[in-house]
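Undergrad: Okay, here's the structure, questions in a sec.
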Amino acid sequence: MKSIQSVNNIIVFGQEVYSQLNTYIKENQPSKLFLLVDEHTQTNCTSFFLQQLETDITIEIIEIEAGEEHKTIETCNGVWQTLSELDADRKSLLLNLGGGVVTDLGGFVASTFKRGIAYINIPTTLLAMVDASVGGKTGVDLGNLKNQIGLISNAEMVLIDVGYLATLPQNQMKSGLAEMLKHGLIQDQAYWKKMSDLSQLSLADLEQLIYESVIIKNNVVTEDLNEDGIRKTLNFGHTLGHAIESYFLTNTEKKTLLHGEAIAIGMILAAYISNRITNLPHEEVAEIKSVLLQTFEKVSFTEKDIEQIIELMKYDKKNSHGNINFVLLEKIGQCKIDCTVPNDVIYQAFAYYAE
Ligand code: GLY
């Protein structure tokens, strides 16, 4: 598979990834290598990854706790401290080996340590391969509010080796599928159709679909890295989805939802809202709901839950001048940004989801 050119960096796939990494290290001669992992990637991926490296440069491993609840400034503080104690300097290289928490947090730590050191993302989850590790968004949560602190700063390279998916739990796989389905919905009807029948997919198909998903995302971010316009479309399903994810993250009576699980709900709600506001045809709303509910179990919401979720939307990063800006679909493969939505339509969307 051919590497994809992104903004000041490349995204490399398959067999090529370790030769490209070794060439990068040889040419750039970092003073030290730091490998950021969480407890899952430490167990499942580190040993294989280290065997692929051909270098005499010292490698230090920094392990953080796994899970969204650890995507915090406190965790960053621990990593900054460790980098400092282990004599990291501005020529050190941070290798982020993990899912979205490791790549988002690691990218942020690298981009701020001594005003910025180089980093490379090696995503090990489907979600991180098709979304989090591509496009330079780095950062952490603020309490239960998602990704409120961070900056856009690109990795030197993104290395996608689908072999890491072999040890990924099924719910994490599904979480990544939600973002792939989103790419079809916002940009490419043919891709949506291909993704819609997942029961027919083999691992070889999956690699090709990941590649196509990254192309869709990369085309968007290369056109609008700073999210002034078209990049907002990548937030389809996220205005409500992030609020739902935040709400479930801290509500002790609720089971925490993975990012993709929350976004799948957000996309069904946004599809219903799109019918009301941007005339998405009824049949397409029903198709989106049916495809997503084939993969994602239905979740129930009380009136009080919905009220609090709507309240949480005020922290969405697309908001401006006090307005909550939705991304809505006009048809599958085409969307509109900066749409305002009355609250009663949001309540009706939850009722439609529950039907
Ligand atoms: N995950 C959405 C974006 O990268 O813009």
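Undergrad: All but one of (1) loosely packed, with under 14 Cβ neighbours inside 10 Å; (2) in contact (Cβ under 8 Å) with a residue 40 or more places away in the chain hold for LYS2, so report the exception by its number.
TA: Unmet condition: (2).
Undergrad: Among the residues of region 117-126, is any open to solvent by 40 Å² or more (accessible area, probe 1.4 Å) and touching a helix residue (DSSP H, G or I) at 6+ places or on another chain (Cβ under 9 Å)? Full working, then the answer.
TA: Filtering region 117-126 for residues open to solvent by 40 Å² or more (accessible area, probe 1.4 Å) gives none.
Among the residues of region 117-126, not one is open to solvent by 40 Å² or more (accessible area, probe 1.4 Å) and touching a helix residue (DSSP H, G or I) at 6+ places or on another chain (Cβ under 9 Å), which makes the answer no.
Undergrad: If you take just the helices (runs of 4 or more DSSP H) that sit entirely in region 140-226, which of them hold at least 2 residues that are within 16 Å of the ligand (Cβ to nearest atom)? First the steps, then the outcome.
TA: Details: elements: 170-187, 189-196, 203-223.
Result: 170-187, 203-223.
Undergrad: Given region 250-355, what helices (runs of 4 or more DSSP H) lie entirely inside it while holding 3 or more residues that are without any contact (Cβ under 8 Å) to a residue 12 or more places away in the chain?
TA: On the way: elements: 259-278, 282-295, 303-312, 343-354.
Counting at least 3 such residues, we get 282-295, 303-312.
Undergrad: Something else about it: If I filter region 227-249 down to residues being in a helix (DSSP H, G or I) and in contact with a strand residue (DSSP E or B) (Cβ under 7 Å, 6 or more places away or on another chain), which single residue comes out as nearest to the ligand (Cβ to nearest atom)? Talk me through it step by step, then tell me what you get.
TA: Here is the first cut: in region 227-249, the ones in a helix (DSSP H, G or I) are 230-235, 238-249.
Keeping just the survivors that are in contact with a strand residue (DSSP E or B) (Cβ under 7 Å, 6 or more places away or on another chain) gives 232-233, 235, 239, 242, 245-246.
Values: LYS232: 8, THR233: 9, ASN235: 6, THR239: 12, HIS242: 10, GLU245: 13, SER246: 16 Å.
Checked region 227-249; the qualifying residue nearest to the ligand (Cβ to nearest atom) is ASN235.
Undergrad: Let me ask you something else. In region 23-34, how many are in contact (Cβ under 8 Å) with a residue 12 or more places away in the chain and farther than 19 Å from GLY98 by Cα?
TA: Final tally of qualifying residues: 8.
The values are calculated or read from the model by the stated rules, or taken from the named source; none is laboratory data. Computed from a predicted model, the values in this text were never measured in an experiment. Every residue, glycine among them, receives a Cβ derived from its backbone with ideal geometry; neighbour counts consider all protein chains shown. These area figures cover heavy atoms from the full protein model, side chains too; ligands, DNA and RNA do not enter into them. Shrake-Rupley method; radii C 1.70, N 1.55, O 1.52, S 1.80 Å.
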